[in-house]
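Below is one structure; the comments refer to it alone.
The values are calculated or read from the model by the stated rules, or taken from the named source; none is laboratory data. Given the structure is predicted, the values throughout are model-derived calculations rather than measurements. Backbone-built Cβ (ideal geometry, glycine too); neighbour counts: all protein chains shown.
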Amino acid sequence: MLSYRHSFHAGNHADVVKHIVETLILQTLKQKEKPFVYHDTHSGVGRYDLQDERAEKTGEYKEGIARIFEQENLPEGMQDYLDAIKALNEGDLRYYPGSPRVARAQIREQDRMVLTELHPADFPLLLQEFRGDRQVKMYKEDGFARLKGSLPPKERRGLVLIDPPYELKHEYQDVVNAIADAHKRWATGIYAIWYPVVYRDNVDLILDGLEDAGIRRILQIELGVSPDTTERGMTASGMIVINPPWKLEQQMADILPWLQQHIAPTHGHTTLRWVVPE
Ligand SMILES: C[S@@+](CC[C@H](N)C(=O)[O-])C[C@H]1O[C@@H](n2cnc3c(N)ncnc32)[C@H](O)[C@@H]1O
């Protein structure tokens, strides 16, 4: 039973961090002419209307993208992310790109995208978003099953974005199992795993699981909007990046404090650390 709908959360602080990291990784992949693949295991619909009743109901985007959309003097590397949003909007902020649309703004003619989405209402919207686009293949399949069957990609270069809803506790362990398997098939791929901090133990479960699987070069990037708590609710979120491009750490060292200052100036916190180095 799939109950999660990303339209309630589109453009929130977690999307901002996730999509900036995604953009930075793709920018680096573009520095070589050779083609690459962008593989998104949990795609969502690709574009969100922030005036729709779900987005309005939570208003989460108001404490995320709306806080930085108009900002100038951006840290280096952030402009491409904001340009991808501006490309969907004439002037004021109304539409927010999901991870596939963020990627589509970056890929070149020689690159391709693989998207999976299981939700019966969201998959048709994703199809509609990229209908006729020959560089984008979409599947209404389990994201981890399709990933398993796709690795290694023929290009041997690329980014796998893993962004499950984490509605059920076992999804944290599912991520570890999927990455451990994927890494055996394709050890040099870049993997970016999004995580929410609702209960810190669940984040540790992923980090410990990846380390126990013998995976190295794991960078953790996190933006918190309030301190950890045992109450319900997401207080922070982050990205675990395996095989990050070398520039990413420095770029996020500049960007994270700026995001904290604009999004969570009072109770925010940031983390940028190697969970496992080289
Ligand atoms: C957090 S949202 C994705 C948001 C999207 N990556 C973005 O950044 O715009 C998670 C998505 O995964 C979908 N989903 C849930 N279980 C799935 C599965 N087993 N395989 C593929 N997609 C799944 C949900 O329907 C939901 O749209």
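Data table
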quantity	calculated
Candidate set from segment 27-42 (those that are away from the ligand (no atom under 14 Å from the Cβ), in contact (Cβ under 8 Å) with a residue 60 or more places away in the chain and outside any helix (DSSP H, G or I)); member that is surrounded by the fewest Cβ atoms within 10 Å (Cβ to Cβ)	GLU33
Selection status of PHE123, away from the ligand (no atom under 12 Å from the Cβ), over 18 Å from LEU24 (Cβ atoms) and hydrophobic (A, V, I, L, M, F, W, C)	no
Failed item in (1) near the ligand (Cβ under 10 Å from one of its atoms); (2) part of a helix (DSSP H, G or I); (3) in contact with a Ser or Thr (Cβ under 9 Å, 6 or more places away or on another chain), with VAL45 passing the rest	(2)
Residue match in segment 97-109 (condition: within 16 Å of the ligand (Cβ to nearest atom) and in a strand (DSSP E or B))	yes
Selection status of PHE144, under 26 Å from ALA236 (Cα atoms) and touching a helix residue (DSSP H, G or I) at 6+ places or on another chain (Cβ under 9 Å)	yes
Pairs where the first residue, in segment 147-158, is in contact (Cβ under 8 Å) with a residue 60 or more places away in the chain and the second is among the hydrophobic types (A, V, I, L, M, F, W, C), C-beta under 6 Å, 6+ apart	LEU147/ALA182; PRO153/VAL37; GLU155/PHE36; GLU155/VAL37; ARG157/PHE36; GLY158/PHE36; GLY158/VAL37
From LEU50, LEU24, residue being over 18 Å from the mean Cα position of the chain (by Cα), surrounded by 13 or more Cβ atoms within 10 Å (Cβ to Cβ) and not polar (S, T, N, Q)	LEU50
Failed condition for MET138, given (1) exposed (fewer than 14 other Cβ atoms within 10 Å of the Cβ); (2) touching a strand residue (DSSP E or B) at 6+ places or on another chain (Cβ under 6 Å)	(1)
Filter pass, LEU161 being without any contact (Cβ under 8 Å) to a residue 60 or more places away in the chain, surrounded by 15 or more Cβ atoms within 10 Å (Cβ to Cβ), of a type outside the set (S, T, N, Q) and within 26 Å of LEU26 (Cα to Cα)	no
Any hit, segment 3-12, residues being in contact (Cβ under 8 Å) with a residue 40 or more places away in the chain, part of a strand (DSSP E or B), more than 10 Å from the ligand (Cβ to nearest atom) and farther than 18 Å from GLN250 by Cα	no
Odd one out for GLU76 among (1) under 23 Å from LYS247 (Cα atoms); (2) away from the ligand (no atom under 16 Å from the Cβ); (3) in a helix (DSSP H, G or I); (4) in contact (Cβ under 8 Å) with a residue 40 or more places away in the chain	(3)
Yes/no for GLN220 being exposed (fewer than 15 other Cβ atoms within 10 Å of the Cβ) and either within 18 Å of LEU24 (Cα to Cα) or touching a Ser or Thr at 6+ places or on another chain (Cβ under 8 Å) (or both)	no
Filtered residues of segment 144-194 (kept if part of a strand (DSSP E or B) and either modelled with pLDDT under 95 or more than 11 Å from the ligand (Cβ to nearest atom) (or both))	GLY158, LEU159, VAL160, ILE190, TYR191, ILE193
